[in-house]
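Asks: The structure follows.
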Amino acid sequence: MSSGNEQDHSFFAGKEKDSTKPWGGRFQKRLHAEMEAFAASLPFDRRLAEEDLTGSLVHCRMLMRAGIISAEEGALIEEGLEAIQREVEEGTFPFDLSMEDIHMNIEKRLIEYIGPVGGKLHTARSRNDQVALDMHLFVKKEIIAVERLLRSFQAEIVKLSEKVQEVIIPGYTHLQRAQPVLLSHHLMAYFWMLQRDRERFGDLYQRADLMPLGSGALSGTSFPIDREFAAQELGFEHLYENSMDAVSDRDFVIEFISHAALLMMHLSRLSEELIIWSSQEFSFIELSDEFATGSSMMPQKKNPDFLELVRGKTGRVYGNLVALLTVFKGLPLTYNKDMQEDKEPLFDTVDTVKTIVKIFPAMLSSLEIKRDNIEQALDQDFSTATELADYLAGQGVPFREAHGIVGAVVRYCLDQGKTLQQLTVEELSSFHPHLREPQAQDRLKPRAAVEARTSRGGTSPGALVKQLQQAKLCLGKSAFHQAGKKSD
Ligand code: ARG
């Protein structure tokens, strides 16, 4: 097998004027140099080399089986593709920008290796169904990777929640202290967000699991191809039923980025909470030095860089989503070159999300929970005011009235510079006789407030145990619908 001559570009059309391109036959002038660089997707779509080779190998086998190419030709092509695969793996593949994209690079290399018979690989195929296939294979692979990472992340949240089970923090609404909650309950809220994210990616797998190969440029092919065979070989459950849809569809790419955007929104919210909690004003947690940086000017500072970057990169993923929605919104059927713009936003999203989802669990497990500060904060707030109102309501006082009474108690505390717990029995009972009862004062303790929230999905320790059980069940389950697709 010869490796061919790199300078000799005449293998496609063999015409003198523009023999470097497969369409050279029709063209009389070379591509403008800057246009060539502008049009090339190779700098980014070389990342699809593996998918492209897999697709080509199966296409070749299908052509052989269907008798469209001979067994000898097929064997040669397979041999050539395998040699190219080795080059790609070893990093020695000679990428050539003048060959525009990964598909033409591989075809050119194949012809360099095995001669003109390599040109038979493109029988009954267009780059339009080829690139669509590569994108499907890539997205399917990345869905599985992201789903796995999300599951590890969720497992870390469960682990941390179990570790800090007895810690009570103020729960907030409007970023105002509202009612005490278990820290674990707060953390587990993110478990369920990630569960929905994981399920969304799982759902998407089904829609990505459609094979476009065999759709040709747009209208199918006159060759007696066997799409079912190719789908089976490539591990696709379904085929596109419409060739025009097949080569135009990038819904699965947009959906991937959309699910990623929602995931990033969750991670950004978590980041924001941890940033607030790590501020000196809150001091509920301290980040490990591994995930923070200092200031070059202010020696006292510890900046939550990782979390800030997660928050910042959320904007970047949203940008990728809007970019793709915008690229596609005006495109008539079928393939348009605009669609080449689908790759960078997808790749960038995959890289951003995977990196963050990989680092986040390590960051979480290295957090220091400052229990003393949290306890102190709880003692100073009014987050058990609802308890007092609930107590009165339990004694038959209409809740609205009880709310007003406790409101007056709080007002009194504010005027006196006291907390609810610091009020004497006399002070309390002056607002309502029922507040003299010791049970009323017990209700003012944050732990009692938490323990009373026994409703399903509430913050009581018992409800948390059930929640953790449910969470572990979810962790044990695959997010994929297809029986064969295990997310272990
Ligand atoms: N590089 C192209 C892309 O990524 C491949 C498909 C090109 N098809 C075409 N008809 N020009 O979209």
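The values are calculated or read from the model by the stated rules, or taken from the named source; none is laboratory data. Keep in mind it's a predicted model, so treat the numbers as computed, not measured. Note that each Cβ is placed from the backbone with ideal geometry, even for glycine, and that neighbours are counted across all protein chains shown.
Asks: What residue, of Ser215, Ser271, Ser248, Ser243, is closer than 24 Å to Val327 by Cβ, of a type in the set (Gly, Ala, Ser), modelled with pLDDT of 95 or more and within 27 Å of the chain's Cα centre (by Cα)?
Replies: None of the other options fit; the residue is Ser248.
Asks: Of all residues in the range 83-108, which are assigned to a helix (DSSP H, G or I) and more than 16 Å from the ligand (Cβ to nearest atom)?
Replies: Within the range 83-108, Ala83, Ile84, Gln85, Arg86, Glu87, Val88, Glu89, Glu90 qualify.
Asks: If you go through the range 147-155 one residue at a time, do you hit one that is away from the ligand (no atom under 16 Å from the Cβ), in a helix (DSSP H, G or I) and under 30 Å from Asp101 (Cα atoms)?
Replies: Yes, the conditions are met somewhere in the range 147-155.
Asks: Across the range 1-47, what is the total count of residues that are of a type in the set (S, T, N, Q), under 21 Å from Val88 (Cα atoms) and at pLDDT below 50?
Replies: Number of matching residues: 4.
Asks: Something else now. Where the second residue is assigned to a loop (DSSP other than H, G, I, E, B) and within 16 Å of the ligand (Cβ to nearest atom) and the first is closer than 20 Å to His32 by Cα and polar (S, T, N, Q) and lies in the range 86-109, which pairs have Cβ atoms under 9 Å and are six or more apart or on separate chains?
Replies: Ser98/Thr20; Ser98/Lys21; Ser98/Leu31; Ser98/Ala40; Asn105/Phe95; Asn105/Asp96
Asks: Search the range 319-338 for residues that are of a type in the set (Phe, Trp, Tyr) and within 16 Å of the ligand (Cβ to nearest atom) and pair each with any residue that is at pLDDT below 95 and outside any loop (DSSP other than H, G, I, E, B) when their beta-carbon atoms are under 6 Å apart and the residues are at least 6 apart or on different chains.
Replies: Matching pairs, first to second residue: none at all.
Asks: Continuing with this model, one more query. Is it true that some residue in the range 33-50 is crowded, with 21+ Cβ neighbours inside 10 Å and either touching a Lys or Arg at 6+ places or on another chain (Cβ under 9 Å) or at positive phi (or both)?
Replies: Within the range 33-50, one or more residues are crowded, with 21+ Cβ neighbours inside 10 Å and either touching a Lys or Arg at 6+ places or on another chain (Cβ under 9 Å) or at positive phi (or both).
Asks: A follow-up question, please. How do the pairs read when you match residues in the range 113-133 that are away from the ligand (no atom under 11 Å from the Cβ) with residues anywhere that are among the polar types (S, T, N, Q), using Cβ under 7 Å and keeping only pairs 6 or more apart or on different chains?
Replies: Qualifying pairs under 7 Å: Tyr113/Ser3; Leu121/Ser56; Ala124/Thr221.
Asks: Right, here's the next one. From Arg411, Arg447, grab the single residue that is of a type outside the set (A, V, I, L, M, F, W, C), in a helix (DSSP H, G or I) and in contact with a strand residue (DSSP E or B) (Cβ under 7 Å, 6 or more places away or on another chain).
Replies: Being of a type outside the set (A, V, I, L, M, F, W, C), in a helix (DSSP H, G or I) and in contact with a strand residue (DSSP E or B) (Cβ under 7 Å, 6 or more places away or on another chain) holds for just one of Arg411, Arg447, which is Arg447.
Asks: Next question, about the same structure. Just give me the residues in the range 274-289 being in contact with a strand residue (DSSP E or B) (Cβ under 9 Å, 6 or more places away or on another chain), over 11 Å from Phe306 (Cα atoms) and assigned to a helix (DSSP H, G or I), in sequence order.
Replies: Trp277, Ser278
Asks: When you go through (1) surrounded by 16 or more Cβ atoms within 10 Å (Cβ to Cβ); (2) modelled with pLDDT under 95 one by one for Gln280, which number turns out not to apply?
Replies: The one condition Gln280 does not meet is (1).
Asks: Also, quick follow-up: Does any residue of the range 290-300 turn out to be at positive phi and more than 16 Å from the ligand (Cβ to nearest atom)?
Replies: Taking every residue of the range 290-300 in turn, none turns out to be at positive phi and more than 16 Å from the ligand (Cβ to nearest atom).
Asks: Now for a separate question. Out of Leu218, Leu213, report the one residue that is within 15 Å of Gln130 (Cβ to Cβ), surrounded by fewer than 21 Cβ atoms within 10 Å (Cβ to Cβ) and either within 16 Å of the ligand (Cβ to nearest atom) or touching a residue at least 12 places away in the same chain (Cβ under 8 Å) (or both).
Replies: Leu218
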